[in-house]
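Throughout, read-outs are computed from the coordinates displayed, never taken from laboratory work. Note that the coordinates shown come from a computational prediction; the quantities given were computed from them, not determined experimentally. Here the Cβ positions follow ideal geometry from the backbone for every residue, glycine too, while neighbour counts run over all protein chains shown.
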Amino acid sequence: MANEKGITFVGVAIFFLLLMFFPDLIIEHYLFISILFIIAILMPSIIRTSRKNMTSREMVMLAVLAAIASVSRIPFASIPSVQPTTFVIIASAIALGPQSGLIIGASAALISNMLLGQGPWTPWQMVSWGMIGFVAGLFAKSFFMKRLTWRLIYGFIVGFLFGWVMNLWILFSGFGELNLETFILLNTSSFYFDLAHALSNVFFLFLFSGVWIKILNRFKEKYGVFGDGG
C-alpha cells in the first residue's frame, strides 16, 4: 500500500510538471489529457479490483461521492469560488484514504466541468482537487485531521493553494510574462476569490465534516470496505 501511495504521488508530480512545461499541448488537447489523467489515477484501483482487493461496493461508493462532489458545485456556480466541493473531497479522503481522495477530487473537476465548461484549466483543477484529497487522506489517522481545528486550518490553507495553482495555468499558458512579478500580481488579483474559497471550506468543514466522516466510517464498518485505507 505504501508503494502504491508513493507511485501515485510521483505520478501526479510528473503530470503537474507536464502541465507547466507543455502548456500548448494542454491547451490543444485538454479534454483528452484530463481523461488520460483520470485513467492513470484509477489504475491502482483497477489493479486492486483485478486482484479482488476492491469490491463493487467500494467502486460504487467512490462513484457516488465523486458525483456528490461534482453536483454540489453546480448550485453555487453563481457565487465565485464558493462551493462545498472541497469539503466533500477532504472529508471523504479522511474517511476512505488518500487514493480515494485523489480519485474523488480529480473526478469532481472533470465531471462538474461537463456542465460548467471544460477548458485548459480542467487538468489543473483535477490535479489541485486530487492532491487536496490525497494529502488529507495521507494524514487522516494523525491528530492533524482528527481534530476539527486542524481540519479547518487545512481547509483554509488549501483554499488559497488551489487558487495559486490555478493562477499557474494562466502563467504557463502564455497569458502573461513568465516571472515572479506576474505570479504575485495574479495572486494579488485573485486574493478575494481565494479568500472566499478558503472561508467556504472552513464553513462547510465546521458544520458538516464530523457528521460526514462518521457516516462514511459507519458504512465502512458495516460493509467491511476500504479496510486498507483506500
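The ratio of the alpha-carbon radius of gyration of region 140-230 to the globular-protein estimate 2.2 N^0.38 Å is 1.45.
A simple count of charges around residue 151, restricted to other residues whose Cβ falls under 14 Å of its Cβ and scoring Lys, Arg +1 and Asp, Glu -1, yields +4.
Restricting to DSSP H runs of at least four residues, report the calculated mean residue ellipticity at 222 nm for the chain, -39500 (n - 2.57) per run over all residues, nearest 500 deg cm²/dmol.
Working: 11 runs with 183 residues, N = 230.
So the helix-based figure for the chain works out to -26500 deg cm²/dmol.
Comparing 115, 205, 138 in a Gaussian network model of the chain where C-alpha atoms under 10 Å apart are linked, the largest mean-square fluctuation is found at 115.
Summed over all non-identical Cα pairs, the Kirkwood treatment of the chain gives a radius of 17.7 Å. Along the positive direction of the dipole of the chain (beta-carbon charges: Lys, Arg +1; Asp, Glu -1; about the Cα centre), which of 25, 111, 187 reaches farthest? Highest projection toward the positive end goes to 111. Charging the Cβ of each Asp and Glu at -1 and of each Lys and Arg at +1, and nothing else, the dipole of region 2-223 about its Cα centre rounds to 1300 debye. Applying a length cut-off of 15 Å (Cα extent along the axis) and a mean Kyte-Doolittle floor of 1.0 to the DSSP H helices of the chain leaves 2-21, 30-50, 56-71, 85-96, 98-116, 148-172.
Work out, step by step, the length gained on full extension between residue 153 and residue 211: first 0.36 nm times the residue separation, then minus their alpha carbon distance; give nm to one decimal.
19.1 nm
Placing +1 on the Cβ of every Lys and Arg and -1 on the Cβ of every Asp and Glu, with no other charges, gives region 100-230 a dipole of roughly 800 debye about its Cα centre. If you take all other residues with their beta carbon under 14 Å from the beta carbon of residue 183, and give Lys and Arg +1 and Asp and Glu -1, the sum is -3.
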